[in-house]
Every structure is written in structure tokens, then in C-alpha cells.
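As C-alpha cells, the structure follows; a few thoughts come after it.
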Amino acid sequence: MSYIHVKDILDGGLDGKKVHLRGWVHRIRKQKKMVFAMLRDPSGVVQTIIKKDVVREESYADAEKMLIESLVTMVGTIKADNRAEGGYEVQVEEFEVLHFAEEFPITEHQSVEFLNDNRHLWMRSRKLTNVLKIRDEVFNAAREYLRKEGFYETTSPMFVSTMGEEGADLFEVEYFGKKVYLTQTSQMHLEPQLFAMEKVFILAPSFRAEKSRTRKHLTEFWHLEAEEAWCDHECNLKRQEGLISYMCHAVTKNRAAELAELGVDPERLLAVNPPFDRMTYSDAIETCQKGGIKIKWGDDIRSEAEEFLTKDSDKFMFVEFYPKGIKSFYMKDNPEDPRTYKNSDLLGPRGFGEIIGGSERETDAQLIIDNLN
């Protein structure tokens, strides 16, 4: 008899069937002559019942001794039961403990610091398992969308000898007697490849030596970067709209159960469709000023202002045409306002803040040199 996954049971259609399962004990409750064990595998959890008068004597003794996270295998019959989590239970006929776990250190109420110190164990929780599955789907959807649009995935080194745009937040590393840095961005490795392949992207870690403890400051994060030839400002915005919409719909389609366990309404993700809202930088500054935020034209739009701009909206929003003084020299001039570049930041809904930064690139080499000087 081959093994099946818990999801195969929860999907229905196996009521009354005998199955072979393996996994980890997620929760356990012991009574006088039976043990209720929630069995977990990567696909879900299901209730199992191990009865003293059904399984072998030594098997039941092991069931009474085992703790959560013990590794087990079993044969049993599936029975529909609305009282059980997921609507099914497994009445166990054969049972074996493959490994007895030690006492699990994580209980119901723990500090974030404690959980982070025990992250290798914490990730076994249903919450983090669901997060990891959704993360996997986001990665897959991003790659799938970009490949459908003709992009090639490439790679770049993590040790680099040149800095990105923010020299102050570099991690320095001694590299065989030379000073190198952990990469902040793969941009300078992507751009030369445009001349060979026109459309390229990288999904890889980036590193920033930022000491702030906020949801926006991470010393290491996974960074999706793309470069596209023949792509102007409008093309750039449409590409971002397509990417974000595709990822939201893919997660809803393929990870509906995980979203439900996390309490996320899938309709909010299905509602993400082009076109996104747009606001010029100048209008954003004026809107923030009217809302009581201390900001003036020429200032960067910080977290407080970003959150204010979308706090009452369920839509993504582009803020476009930032001033030259706060953006990079290689961006394309905006002919409608010479003070600004053709660039954008994409803000998430409900005050989430910036998700993507992008721009049309300047194609006049002399102008780039002049801007740099």
C-alpha cells in the first residue's frame, strides 16, 4: 500500500477507504483507552484515533509515550466526521513511532524574540507553513509571468567590488586580502545583459546594513529585479501592473486553503487588476500637506506619507515623476516637468507603502555623464 498525503483525505472521496499515512504529531490528547493525535504532513493536518483494543499492545504503549513532533507511520480507515478538523478522521489499525521527539519548547504564547531564536522549530507551525507555501507561489508566479513576457532569468554574484546607490549601508567583507561588499542590488549585472537578451530578471538576496527595526528595514531580503530594453515609462508601469496582478491571482488560485487559514479574503487579491491608480509626486505632496503631514516639494516621500496616501484605498497606486534631487542620475528626463524624471514608486493598498521602484532609463550617454558630474 502506497502512502498518501493528508490533503488527499481532506479533498474528499476516500471515506471508508484504508490508507497508509506518515508524518509528524502536530497535537495530541490522551484518554484512558485511546489517543487522539493530529497528524501533520506538508499538505495539512488530520485527526487520527489510536485505540488500545485495536492496535498492537506495544504500539499503543508507544502512542501513550510519544510527544508532539514525534515521527509516525500508520494504516487506518477514513471516516467522515463533522466534529473533526477538516471533516475527517482516521481510525488507526496499525501504528508505529519512527522517532520519539523530545519535549517541544514552543508553547501557545511566546515572545517574538523566543520564536526567532527557535525559528527552525517555529516554521513547523501551521501559520509559518502556510506563509512559506504562499511565498513559494509568489516566487513561482513572478517567474512564470516574466518568462511568458519573454524575460530570461539570470544570476549575479553576492560578493561585489562596487557599491550601489547607498554607500552608507554596505556590508564590508574581507575577501582574500581585498575589500568587497555584499550586494545591495543586481542592477549593474542586469543592465549589461540587456544588449544580449533585451529582457532579463534576477530573484536573489540583497543585503543592506540598516540598523532600523521596522517592517521596511531588513539586513537581508529577497529582491526581484528586472531590466527591459525598448521599454518607456508607460511600458514600465504596465509591466508592473501585469506582474502584481498575475501574482495575486496565482496565489488565490493555487493557495486558497492557505489564505483561508491565515484569515485572508481571496476576493481582495482577485480584485487586483490593471489599471492601478496614479498620482504625480507634486499632487502627492499637496495631498499629504492637506492631510497635516509636514512635507515640502523636494522631500522624499517617507513611510508616514506613503501610508497616508493609500490608507483608505484597496487599490495599488503609482506615485510618478519624482524630483531629480532625490532620484538617480541615470533616469530619463520628464519633458513635461524638467525638474523631474520619468520614474515611479508603486504603493500597496491600505497604507502598506512602497513595493516597487522603477524608472525609464536615460539613453543619451553624454546627458548621463553631465548628470553624474
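Just so you know, all these numbers are worked out from the coordinates, no wet-lab data involved. Fair warning: this is a prediction, and the values are worked out from it, not measured in the lab. Backbone-built Cβ (ideal geometry, glycine too); neighbour counts: all protein chains shown.
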Legend entry - Taking all pairs of distinct alpha-carbon atoms in the range 62-134, Kirkwood radius in angstrom: 14.8 Å
Inset, instruction - Consider all pairwise Cα distances in the range 279-373 and report the whole-number % of them above 19 Å. - result: 41 percent
Inset, instruction - Could you grab the relative contact order for the range 6-99? Cα pairs under 8 Å, six or more apart, rounded to a whole percent. - result: 32 percent
Inset, instruction - Helix by helix through the chain, keep the DSSP H runs that span 15 Å or more along the axis on Cα and average at least -1.0 on Kyte-Doolittle, and give those back in order. - result: 126-148, 233-254
Inset, instruction - Could you bin all the Cα-Cα distances of the range 99-159 into 5 Å bins starting at 0 and give me the percent of pairs in each, rounded to whole numbers? - result: 4, 13, 16, 14, 13, 12, 11, 8, 7, 3, 0
Inset, instruction - For the range 284-371, state which trypsin sites (Lys or Arg not before Pro) are in a DSSP loop and have at most 16 other beta carbons lying within 10 Å of their beta carbon. - result: Lys294, Lys296, Arg302, Lys311, Lys315, Arg339, Arg350
Inset, instruction - Mind jotting down the distance between the C-alpha centroids of the range 307-373 and the range 58-133, whole Å? - result: 49 Å
Inset, instruction - Return a whole-number percent for the relative contact order of the chain, with Cα pairs under 8 Å and 6 or more residues apart as the contact set. - result: 9 percent
Legend entry - Computed log₁₀ I(q)/I(0) - Debye formula, equal Cα scatterers, no solvent, the range 144-261, q 0.12, 0.14, 0.18, 0.22 Å⁻¹: -0.58, -0.76, -1.06, -1.22
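Taking 1 over the mean of 1/r across every pair of different Cα atoms in the range 15-86, what Kirkwood radius in Å do you get?
Numbers: mean 1/r = 0.0798 Å⁻¹.
This gives a value of 12.5 Å.
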Inset, instruction - Before anything else, pin down the relative contact order of the range 276-373: Cα pairs under 8 Å, at least 6 apart, normalised by residue count, whole percent. - result: 27 percent
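Say the cut-off is 27 Å between C-alpha atoms; which of Lys18/Lys127; Lys253/Lys315; Lys127/Lys253; Lys238/Lys294; Lys178/Lys199 go over it?
The pairs that break the limit, which is 27 Å between Cα atoms, are Lys18/Lys127; Lys238/Lys294; Lys178/Lys199.
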Inset, instruction - Decide, for the range 8-136, between rounded, prolate and oblate: order the square roots of the alpha carbon gyration tensor eigenvalues as a ≥ b ≥ c, take rounded if a/c falls under 1.5, and otherwise choose prolate if a/b is larger than b/c, else oblate. - result: oblate
Legend entry - Partnerless cysteines, meaning none of the other Cys C-beta atoms lie under 4.7 Å away, in the chain: Cys248, Cys288
Inset, instruction - Take the alpha carbon atoms of the range 129-176, find their radius of gyration, then divide it by 2.2 N^0.38 Å using N residues; give the quotient. - result: 1.71
Inset, instruction - Pop out the Kirkwood hydrodynamic radius of the chain from its pairwise C-alpha distances, inverse of mean 1/r, in Å to one decimal. - result: 24.7 Å
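Would you mind telling me the antiparallel percentage of the DSSP bridges in the range 276-373, rounded to 5? Provide the component values of the computation, followed by the final result.
Values: 13 of 17 bridges.
Restricted to the range 276-373, the bridges split so that about 75 percent are antiparallel.
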